[in-house]
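To start, the structure itself, in structure tokens.
The values are calculated or read from the model by the stated rules, or taken from the named source; none is laboratory data. What you are looking at is a predicted structure, and each value in this text was computed from that prediction instead of being measured. Cβ placement follows ideal geometry from the backbone for every residue including glycine, while neighbour counts extend to all protein chains displayed. Surface areas here come from the heavy atoms of the whole protein model, side chains and all, with no ligands, DNA or RNA. Shrake-Rupley method; radii C 1.70, N 1.55, O 1.52, S 1.80 Å.
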Amino acid sequence: MMTINPFSVVKANEFTITQIIENWVPWAGSENGFIASLNPQELMPKYVLGSKGCGKTHLLRYYSFEARLKLYNNDIKELLKNDKYLASYSRLNSISSTRFNKSGNEDEWRSLYNYYFELMQSLISLDVYEKVTDALNASEKKIAKAIREICKQVGITLELETIECLKNFLNEKRVSIDNEIIDYPHVRKLNWDKVRPTFTFGSLIFEIPWRFSQYISELQDVSYIYILDEYEKLKCNWQKESLNTLVYEKKYNSTFWVGARKIGYTTRNTLSGEPIHEGHEFNPVDLDSLLKSGEKKFPEFAEGLFRKRLKLNGLAELSPKQLFDKFDEKMLLNSLLCKSDSLKHWKTFRERLSSLGLDNDDITQTQQMLCKKVENDLVSQKMKLYAFYLMWSENKNKITKDSIPQIAKRVNLSYDEYKNGKNDKMKEWYRKFRQDMVAQLAEENNETLYLYSGFEKLVNIADCNPRILLTLMKLIIEDCHFRGIDPFSSEKTIPVRSQYAGINETAKWFLNDIEVYGKDRENLDIAMNHLLNFLYVSRFCDKPTETSLCTFYYRMNSGQENIDHIIKLAIQEAFLMEVPNKRKDKTLGTPQKSYQVNRLIATVYNLPIARRGVTSITPEMMLTIFDPSHFQQFNSMLAAHKTSLNAPFTAKKARDTKKVKEPSLFD
């Protein structure tokens, strides 16, 4: 019987509070990085932003009242003494905001949504204060004073003196709204008199924490945080503006932490039209940047996460670095050597020379010259061919069949110098291009490249994103179980083929679980396919660029709003990462932004995941890659680009051609 998959749960909203605590792993052994950024004692509101899987929900739930209470073993006095804040966590999608986007009087529906939202948050905060005052054995008279003052300040005329009574009153209002919404499709009319708000928007949310702090001495210096997650689930901007309004009008001892995917953070406006200002009304907390800034700490965090999952599931503590098999380059090369007569790089080479008019004997002689001293070294064969094609490209207008043997001799001379330590240029090629040549050998000979294997490499692919890492682990273990391998109860390690399957399935999840819809979604999919095809063609060719084909930049011009829009969407969904350091355009001297393809997505196309320089993309190519109005020109542009990178390097003017058959991102 297979052991349970310890990585079966990857989303924090599926955890119980106990699991939130148990699965918490401090960032590199310390919580200080997160605490410093969020600073719970500070009353400045925070918008906690990040891409999917960055750990936002786990982080926010960890600082909620329920989780803190668990951490303090239900000792509320100790919690108040040390934390000096209370916090309620709720998901904004629980309100089902689309229920309030009905036909009819728009102002009434918006007002009703705001009223319902405040009722819900007030009920949640009252639950917290009820537990706290019970644990403190707070005076009933003081509680009654607080409740009466709350009612007085917000205009509730009933004589209520207990938390329970106030909760019942508010809950009745909430139920009335629910019933009215349920009946609306049948009667097509909103009974406004029945559900009209009884207090001003925002008043109750602020009054509850403030009055309890005024009348309960133990709460005097205790603030209250409304933690509101999944801001992006509010589908109408006016609903986001309502929340922004509360942030703008924040007062007393209350504040807000708003969790959002970057793609859903679409407006800073309030209901009055006045925007909230960063640094004045709120501070953003960019979790992606926070995690990336500590990139060197992520491997330690990842290993801690792995070991904790095993421990929580009662499994033996194993070293992840020893559990995962690694890509064996020697095995791949030896396998290819066994079919040396049919290797694609020589078949292609012969086709290239044949196009120049060389006969079979001359071609064979040239091939033998280049194979000299590297008969059993496929990487060096590829490196020699790279040098050969580079010289061909540099002399493409003067190349003839008679000059081919001279180029081969020059290549051999350069190789001999390299072997004798006298050719720094070729030495640099080996340092830069070795992995590219291995990738080419695998790709062109239809061998699966298991380059992205081993725990360290998987951590690198996760790129500081906890859920990507967990999903990789989950799907890799699932594939092991499918193959009858149980790595946690036997001496078997996790094979590279299972890791490869897990990477591909994780990439599919990452690409499909996005918050972009409609035409934007379609255009984003097309643009990413175009970009990755461009990079793929630039790597798997006779003359690959010297830079690593995972990072690019382009000259920023006016009139490129369509390009900027798609790139912005790609960044918000973490398909692209903006490279922190700005480079300058060589011609204009102006700063140019650079972007790296998400490492997980790069693996789908066998692209490198480590940066080495930055690839420049021409303005014309950028238009066909990212601008929907130029998409139809991409295939011809890519064909021309492909021709320029492969012998005989006679790039033709782009024209409409049949689609270049390359891998698809969504196959």
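Every test in (1) under 25 Å from N13 (Cα atoms); (2) touching a residue at least 60 places away in the same chain (Cβ under 8 Å); (3) among the polar types (S, T, N, Q) is passed by N244 save one, and that test is (2). For the range 335-345, check the following and say yes or no: at least one residue is in contact with a Lys or Arg (Cβ under 7 Å, 6 or more places away or on another chain), hydrophobic (A, V, I, L, M, F, W, C) and either modelled with pLDDT of 95 or more or assigned to a loop (DSSP other than H, G, I, E, B) (or both). Scanning the range 335-345 turns up no residue that is in contact with a Lys or Arg (Cβ under 7 Å, 6 or more places away or on another chain), hydrophobic (A, V, I, L, M, F, W, C) and either modelled with pLDDT of 95 or more or assigned to a loop (DSSP other than H, G, I, E, B) (or both). Listed conditions (1) in a helix (DSSP H, G or I); (2) over 20 Å from I147 (Cα atoms); (3) charged (D, E, K, R) are all met by R211, apart from (2).
Might you let me know whether the range 38-45 holds any residue that is touching an Asp or Glu at 6+ places or on another chain (Cβ under 9 Å) and at pLDDT 95 or above? Yes, the range 38-45 contains at least one residue that is touching an Asp or Glu at 6+ places or on another chain (Cβ under 9 Å) and at pLDDT 95 or above. Within the range 399-415, the set of residues being of a type outside the set (A, V, I, L, M, F, W, C) and within 17 Å of K543 (Cβ to Cβ) comprises R410, S414.
Cβ-Cβ contacts under 8 Å between residues 6 or more apart (or on different chains), taken from a first residue in the range 401-413 that is on the phi < 0 side of the Ramachandran plot to a second residue that is of a type in the set (S, T, N, Q) and open to solvent by less than 30 Å² (accessible area, probe 1.4 Å), are listed as I404/T366; P405/T366; A408/T366. In the range 331-341, the qualifying residues are those that are in contact (Cβ under 8 Å) with a residue 60 or more places away in the chain and out of contact with any helix residue (DSSP H, G or I) (no Cβ under 8 Å at 6 or more places or on another chain), and the one that is least open to solvent (accessible area, probe 1.4 Å) is S335. Only a single criterion out of (1) polar (S, T, N, Q); (2) farther than 23 Å from R68 by Cα; (3) open to solvent by less than 20 Å² (accessible area, probe 1.4 Å) is not satisfied by S213, namely (2). Of all residues in the range 516-530, those being open to solvent by less than 30 Å² (accessible area, probe 1.4 Å) and either assigned to a helix (DSSP H, G or I) or out of contact with any Leu (no Cβ under 7 Å at 6 or more places or on another chain) (or both) number 6. Inspect the range 168-185 for any residue being under 23 Å from N253 (Cα atoms), more than 45 Å from the chain's Cα centre (by Cα) and either at pLDDT below 95 or in a helix (DSSP H, G or I) (or both) and give the result as yes or no. Checked against the condition, which is being under 23 Å from N253 (Cα atoms), more than 45 Å from the chain's Cα centre (by Cα) and either at pLDDT below 95 or in a helix (DSSP H, G or I) (or both), the range 168-185 yields no hits at all.
Across the range 129-138, not a single residue is classified as surrounded by 17 or more Cβ atoms within 10 Å (Cβ to Cβ), closer than 18 Å to L112 by Cβ and not aromatic (F, W, Y). Taking first residues from the range 531-543 that are open to solvent by less than 10 Å² (accessible area, probe 1.4 Å) and assigned to a helix (DSSP H, G or I) and partners that are among the hydrophobic types (A, V, I, L, M, F, W, C) and at pLDDT 95 or above, the Cβ contacts under 6 Å between residues at least 6 apart in sequence or on separate chains come to L531/I625. Restricted to the range 314-324, and to residues there that are surrounded by fewer than 13 Cβ atoms within 10 Å (Cβ to Cβ) and within 28 Å of the chain's Cα centre (by Cα), the residue that is farthest from T366 (Cα to Cα) is S319. Checking each residue in the range 502-515 for being assigned to a helix (DSSP H, G or I) and open to solvent by less than 30 Å² (accessible area, probe 1.4 Å) picks out G502, I503, T506, A507, F510, L511.
Among the candidates T348, T364, the residue that is free of Cβ contacts under 8 Å to residues at least 40 places away in the same chain and polar (S, T, N, Q) is uniquely T364.
Criterion applied to E456, E428 was being open to solvent by 60 Å² or more (accessible area, probe 1.4 Å) and closer than 24 Å to K308 by Cβ, and the one residue passing it is E456.
Of all residues assigned to the range 479-495, none qualifies as being under 20 Å from the mean Cα position of the chain (by Cα), surrounded by 18 or more Cβ atoms within 10 Å (Cβ to Cβ) and either on the phi < 0 side of the Ramachandran plot or part of a helix (DSSP H, G or I) (or both).
The number of residues in the range 304-332 that are in contact with a strand residue (DSSP E or B) (Cβ under 9 Å, 6 or more places away or on another chain) and not in a helix (DSSP H, G or I) comes to 2.
Residues in the range 77-93: is at least one farther than 29 Å from E278 by Cβ, buried (at least 16 other Cβ atoms within 10 Å of the Cβ) and of a type in the set (S, T, N, Q)? Looking for residues that are farther than 29 Å from E278 by Cβ, buried (at least 16 other Cβ atoms within 10 Å of the Cβ) and of a type in the set (S, T, N, Q), one finds none in the range 77-93, hence no. Within the range 166-221, the set of residues being among the aliphatic types (A, V, I, L, M) and without any contact (Cβ under 8 Å) to a residue 60 or more places away in the chain comprises L166, L170, V175, I182, V187. Which of the residues belonging to the range 436-453 are outside any loop (DSSP other than H, G, I, E, B) and either small (G, A, S) or under 30 Å from L305 (Cα atoms) (or both)? Scanning the range 436-453 gives A439, A442. The helices (runs of 4 or more DSSP H) located wholly in the range 32-95 that include 3 or more residues which are under 18 Å from F301 (Cβ atoms) and free of Cβ contacts under 8 Å to residues at least 12 places away in the same chain occupy 32-38. Every condition in (1) open to solvent by 20 Å² or more (accessible area, probe 1.4 Å); (2) without any contact (Cβ under 8 Å) to a residue 60 or more places away in the chain is met by F327 except one, and the failing one is (2).
Can you tell me which residues in the range 98-118 are part of a loop (DSSP other than H, G, I, E, B) and either at negative phi or crowded, with 20+ Cβ neighbours inside 10 Å (or both)? The answer is N101, K102, S103, N105.
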